[in-house]
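J.: Sending over a structure as structure tokens; questions will come in a sec.
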Amino acid sequence: MSEVVSRVGVVGAGQMGGGIAEVSARAGADVLVWEATEELAAGGRARILKSLDRAVSSGKITERERDQAAERLKFTTDLADFADRQLVVEAIVENEAVKAEIFGKLDEVVTDPDAVLASNTSSLPIQRIATATKNPGRVLGLHFFNPVPVLPLVEVISSLSTSEAAAARAEQFASEVLGKQVVRATDRSGFIVNALLVPYLLSAIRMYESGFATAEDIDKGMMLGCAHPMGPLKLADLVGLDTVKFIADAMYAEYKEPTYAAPPLLLRLVEAGYVGKKSGRGIYEYP
Ligand code: CAA
Ligand code: NAD
């Protein structure tokens, strides 16, 4: 097998890209993060530093470990700087055309043929992202869970074209370097977890929209009645209602079943810009 990955690229410093960059740097990797502008990069860096401070406050890492992780994190607005990366994880908006364009560019700039080009997509088939490249054997899904520093799972998704060497290298990185638990999923929209989770989140939004119960009682019901750490409406706000809608659209396009259709309230909230915790307002308000 190829050398264990130690030079990581992360495309996007939103909630997921920031989390993936943070855990990679904490695990000792040299991490380069791409954002479209200097301003977005600065915002992403500030969120990662805040999260590292939180890990210090809760006693998970020392101040020295925080400073070392911060030193391993570099930012760029030029994808050409990813030439020497051994693994790139793309974590930008859940949009097939935008991801395809990024993968086309990554395939041109990342020189090592054994390097792995991974997408953190929640729902888009990896095969379609891979066809944007000339080397689909090195493209796969590496799907993390939010918040990345807390949740231990990573799904590894091979398309029909992914080489087993690339999948094995990605799995080794997730398990041996990051210490995550890995499951392998088939290249079907939603993979394992979102194929089950997203219809549940959409059902909870439909239940709330229909006036069946209050948002608080729906969430309380699932937290206290089923021991979930968070109710489905709070969780939809945490994921991001825009992302929930994009995932629902991709799953509906794949399976053509009403259970995946985005309910009208979800559409209205996204159209209004009330996309959840990250925007300060979604189903709930976050003052
Ligand atoms: N970043 C880093 N650490 C965080 C964090 C964040 N954003 N949020 C919470 N934590 C840490 C806290 O520091 C705390 O750590 P300690 O126990 O060491 O002190 C721990 O997590 C618990 O945090 P809190 O006490 O503040 O809050 P909580 O107990 O309510 O937990 C939660 C918050 C971790 C988010 C928990 O409610 C939870 O696990 N919720 C479910 C999340 C979930 O289901 N995620 C999957 C979403 S679906 C997905 O990711 C896939 C997709 O494609 C959409
Ligand atoms: P986010 O809204 O926090 O961040 C979006 C990122 O995409 C930012 O870096 C932003 O600058 C970038 N971006 C937006 N439009 C762009 C464009 N046109 N061109 C280039 N970059 C653009 O979203 P997120 O929650 O971090 O989700 C990112 C990816 O991770 C998505 O594919 C999502 O499905 C997936 N994912 C999300 C979660 C979750 O719970 N939020 C969990 C697992 C996977």
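J.: Can you pull out the residues in the stretch 180-200 that are surrounded by fewer than 18 Cβ atoms within 10 Å (Cβ to Cβ) and over 24 Å from M230 (Cα atoms)?
T.: R184, T186, R188 - these are the residues of the stretch 180-200 that are surrounded by fewer than 18 Cβ atoms within 10 Å (Cβ to Cβ) and over 24 Å from M230 (Cα atoms).
J.: Of all the helices (runs of 4 or more DSSP H) wholly in the stretch 1-79, which have at least 3 residues that are touching a Gly at 6+ places or on another chain (Cβ under 8 Å)?
T.: On the way: elements: 15-26, 38-57, 63-72.
Where helices (runs of 4 or more DSSP H) fall fully within the stretch 1-79 and carry at least 3 residues being touching a Gly at 6+ places or on another chain (Cβ under 8 Å), they are 15-26, 38-57.
J.: Tell me the residue from L267, L233, L241 that is hydrophobic (A, V, I, L, M, F, W, C) and farther than 13 Å from V198 by Cα, please. Walk me through how you get there before you give the answer.
T.: On the way: L233 fails: farther than 13 Å from V198 by Cα; L241 fails: farther than 13 Å from V198 by Cα.
That would be L267, the only listed residue that is hydrophobic (A, V, I, L, M, F, W, C) and farther than 13 Å from V198 by Cα.
J.: Being over 19 Å from Q172 (Cβ atoms), within 16 Å of ligand 1 (Cβ to nearest atom), without any contact (Cβ under 8 Å) to a residue 40 or more places away in the chain and surrounded by fewer than 24 Cβ atoms within 10 Å (Cβ to Cβ): is that true of I129 here? Quick ask: steps written out before the conclusion?
T.: Details: over 19 Å from Q172 (Cβ atoms): yes; within 16 Å of ligand 1 (Cβ to nearest atom): yes; without any contact (Cβ under 8 Å) to a residue 40 or more places away in the chain: yes; surrounded by fewer than 24 Cβ atoms within 10 Å (Cβ to Cβ): no.
So I129 does not fit the description; no.
J.: Of L142, L106, L117, which residue is within 11 Å of ligand 2 (Cβ to nearest atom) and either touching a strand residue (DSSP E or B) at 6+ places or on another chain (Cβ under 6 Å) or farther than 28 Å from R26 by Cα (or both)? Before the answer, list the steps.
T.: Numbers: L106 fails: within 11 Å of ligand 2 (Cβ to nearest atom); L117 fails: within 11 Å of ligand 2 (Cβ to nearest atom).
After ruling out the rest, the residue left standing is L142.
J.: Condition check: out of contact with any helix residue (DSSP H, G or I) (no Cβ under 8 Å at 6 or more places or on another chain), in a loop (DSSP other than H, G, I, E, B), within 16 Å of ligand 2 (Cβ to nearest atom) and of a type in the set (A, V, I, L, M, F, W, C). Does V150 satisfy that?
T.: Details: out of contact with any helix residue (DSSP H, G or I) (no Cβ under 8 Å at 6 or more places or on another chain): yes; in a loop (DSSP other than H, G, I, E, B): yes; within 16 Å of ligand 2 (Cβ to nearest atom): yes; of a type in the set (A, V, I, L, M, F, W, C): yes.
In short, yes.
J.: Of the numbered conditions (1) within 13 Å of ligand 1 (Cβ to nearest atom); (2) part of a loop (DSSP other than H, G, I, E, B), D114 satisfies every one except a single condition; which is it?
T.: Of (1) within 13 Å of ligand 1 (Cβ to nearest atom); (2) part of a loop (DSSP other than H, G, I, E, B), only one is false for D114: (1).
J.: Return only the number of the condition from (1) surrounded by fewer than 16 Cβ atoms within 10 Å (Cβ to Cβ); (2) within 27 Å of I126 (Cα to Cα); (3) under 19 Å from the mean Cα position of the chain (by Cα); (4) not charged (D, E, K, R) that S203 does not satisfy.
T.: For S203, the exception is condition (3).
J.: Also, I was wondering about something else. Scan the stretch 205-226 and report the pairs whose first residue is among the acidic types (D, E) and whose second residue is modelled with pLDDT of 95 or more, with Cβ atoms within less than 8 Å and a gap of 6+ or a chain change.
T.: That search, which allows pairs on different chains as well, returns E209/P263; E209/P264; E209/L265; D219/M230; D219/G231; D219/P232; D219/L233; D219/K234.
J.: Only one of (1) among the acidic types (D, E); (2) away from ligand 1 (no atom under 16 Å from the Cβ); (3) in a loop (DSSP other than H, G, I, E, B) fails for E94. Which number is that?
T.: Only one criterion is unmet by E94, namely (2).
J.: Determine which single condition V88 fails, assuming it passes every other condition in (1) assigned to a strand (DSSP E or B); (2) more than 22 Å from the chain's Cα centre (by Cα).
T.: The one condition V88 does not meet is (2).
J.: For the stretch 10-38, give me the residue count where each residue is of a type in the set (D, E), within 22 Å of K105 (Cα to Cα) and more than 9 Å from ligand 2 (Cβ to nearest atom). It would help to see each step written out before you state the result.
T.: Of the residues in the stretch 10-38, the ones of a type in the set (D, E) are 22, 30, 35, 38.
Narrowing the set further to residues that are within 22 Å of K105 (Cα to Cα) leaves 30, 35, 38.
Adding the requirement that they be more than 9 Å from ligand 2 (Cβ to nearest atom) leaves 30, 38.
Going through the stretch 10-38 one residue at a time, the tally reaches 2.
J.: Quick one: which residue in A29, A21, A55 is in contact (Cβ under 8 Å) with a residue 24 or more places away in the chain, over 16 Å from K278 (Cβ atoms) and more than 19 Å from the chain's Cα centre (by Cα)? Before you say what the answer is, go through the steps one by one.
T.: Working: A29 fails: more than 19 Å from the chain's Cα centre (by Cα); A21 fails: more than 19 Å from the chain's Cα centre (by Cα).
None of the other options fit; the residue is A55.
The values are calculated or read from the model by the stated rules, or taken from the named source; none is laboratory data. Being a predicted model, the structure only gives us computed values, none of them experimental. All Cβ positions, even for glycine, are placed from backbone atoms using ideal geometry, and neighbour counts span all protein chains on display.
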